[in-house]
1. Given a Förster distance of 22 Å, report the FRET efficiency between residue 99 and residue 2 from their Cβ-Cβ distance, rounded to the nearest 0.05.
2. Relative to the compact globular guide of 2.2 N^0.38 Å, what is the alpha carbon radius of gyration of region 1-56, as a ratio?
3. Want the number for residue 117 to residue 64: 0.36 nm per residue separation, take away the alpha-carbon distance, what's left?
4. Can you sort 150, 42, 104, 25 from fewest to most other Cβ atoms within 10 Å of each residue's own Cβ?
5. Between residue 137 and residue 17, what is the spin-label point distance in nm, taking each point 7 Å from the Cα along the Cα→C-beta axis?
6. Fewest Cβ neighbours within 10 Å first, please rank 128, 121, 7 accordingly.
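Computed from the coordinates by the stated procedures, all read-outs in this text should not be read as laboratory data. Since we're looking at a predicted model, the values are computed, not measured. Cβ coordinates were reconstructed from backbone atoms using ideal geometry, including for glycine residues, and neighbour counts include every protein chain displayed.
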């Protein structure tokens, strides 16, 4: 029955999101930053793969692990000899609580989930992304999942920032190089045009003055 929890759009979306983030982080960001063949790229890929594996295993555990359902034949101990004094209820009516939906007794801090249609021990909430309740038996795994996902997201963001910073530097250097080459080309073009213009002026002046020189020599 637990495997049917994977047959939901939010759970499949989480799997697709994990795969997408892992692919772009390892095969695009790290490859573009230092390259996967380098020692730094291999180390970063191994670290992020380890973090992604922890997130995946924690997610699978949260989906498959039962949160702690109250058994149907549960009947509380009315005498309550094993209950500590600081947790002892004020009267027997608070201990003998019945669920209106399940029509069974439920212990303290147990709540009925409308999605699962059962009472859950120490229920925190029903998480749509794991298609399961967060309760007594999987609360710690859910907290660890959030912690691992946060660390992996920060690490992926740092790799993205490093890759983007290097790309920005390369783009700035390339832009500066292109601007410098364009400036040099413009200067050379302007200088060559200036020389060509002066050359034509002197040629025109020489052609215009040459008959006078020849006429003066004949005299």
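1. Values: r = 23 Å, r/R0 = 1.03.
Computed FRET efficiency for residue 99 and residue 2: 0.45.
2. Normalised Cα radius of gyration, region 1-56: 1.41.
3. Working: separation 53, 0.36 × 53 = 19.08 nm, distance 1.71 nm.
Answer, rounded to one decimal: 17.4 nm.
4. Working: 150 11, 42 14, 104 17, 25 25.
Final ranking by Cβ density, sparse to dense: 150, 42, 104, 25.
5. Computed distance between label sites residue 137 and residue 17 equals 2.6 nm.
6. Exposure proxy ranking, most exposed first: 7, 128, 121.
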